[in-house]
Every structure is written in structure tokens, then in C-alpha cells.
Amino acid sequence: MTQRIVESPCEDTRLDKCTKALIAVAFESITTKGEFKLALSEADELDTFYTYLMCDPNMRAMPWAKMKVWFFGDVPGDISAQIAIATHSGIDAEHVFRLDETTVEDVDCCVCTGDASELPSELFDRCTTWLVVDGGQDKQELDSSMLGGVVHRYVCGT
């Protein structure tokens, strides 16, 4: 496992770097495999990241039509990232899944926070690239050695 820490001076820069990394992984996967498989955490700390993903003009190139997306984490019904992203992205409904309702395939990328308690163990060895958007204190710190693939940690500088 390789870990890379990307430190940014502010929240906007951190989110820009993370979303650009996500779109790069997406296009690399589509170029090499013909599709992009993504797992997304429902953690509240990622709401701003998902807003960037859906609203940033640079992210309009995200290849939703060639993606499969698994969502994981506990959320109250109608405020889920799954509903917001599936409704507004243009992804085919049959390519959107809840991780707890289906068997996960090998995943090209997982976006999560630095909280280890949110991660389903079935993703640990099934994901190639991890985009960890750190931002929470008082969480169970994610031990990157538990994960397969490459871990990119996006943090704000102090």
C-alpha cells in the first residue's frame, strides 16, 4: 500500500485537488477497462465535496454514463448523497447501488473520510484507489495499512 498526503492551504483548494484526482481516476479506468466503478461514503463531512462534484463546471466532464456507483454509510432517507447524485448526475439508475444491498465488485476508487468506523470491511481489499477527504476530529482514525491500493489523503494545512 502506498500513501500520498496532499496538503492544501484552504478548503477550496483541497476540494479542487480531490475532485480533479477523482476525474483523472475515472478517465483512466474508462480508458483501460471501459467503465469506472466508484464507492462513495454518505458521511456528512463529504457534503461539500459532493456539491463540488455536482456543481463545479470543471466536473461536468465526469463520465457518469460509463460508471457504476456504490453508496455506503447510514443516512436519514431523503437527505442522502445517493439520492442527490443519482438524481442530478445523469447516471443510469441500474448502475446505482447501496453497498449493504448488493455484493460489491472490485472498485476503482473509494471516496471516504478519515473515519475508519464508516468503512465497510468488504471494501478494504477490493479498491484500487482511495481518496480520503480528511476533516474530522473525534473520529476513529483510519489506518491506511488496512487498505489495499493507493491512498491519497487530502488535508487542509494549519
>> On the basis of being in contact with a His (Cβ under 9 Å, 6 or more places away or on another chain), touching a residue at least 60 places away in the same chain (Cβ under 8 Å) and not β-branched (Val, Ile, Thr), does residue 99 make the cut?
In response: no
> within 22 Å of residue 51 (Cα to Cα) and modelled with pLDDT of 85 or more - does that describe any residue in segment 73-95?
Replying inline: yes
>> Of the conditions (1) in contact with an Asp or Glu (Cβ under 7 Å, 6 or more places away or on another chain); (2) hydroxyl-bearing (Ser, Thr, Tyr); (3) under 16 Å from residue 134 (Cα atoms), residue 29 satisfies every one except a single condition; which number is it?
In response: (3)
> Which ones in segment 124-158 are at pLDDT 70 or above, farther than 18 Å from residue 49 by Cβ and out of contact with any Cys (no Cβ under 6 Å at 6 or more places or on another chain)?
Replying inline: 124, 125, 126, 128, 147, 148, 150
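The values are calculated or read from the model by the stated rules, or taken from the named source; none is laboratory data. Quick caveat: nothing in here was measured; it's all calculated off a predicted structure. Heads up, the Cβs are rebuilt from the backbone with ideal geometry, glycines too, and the neighbour counts pull from every protein chain shown.
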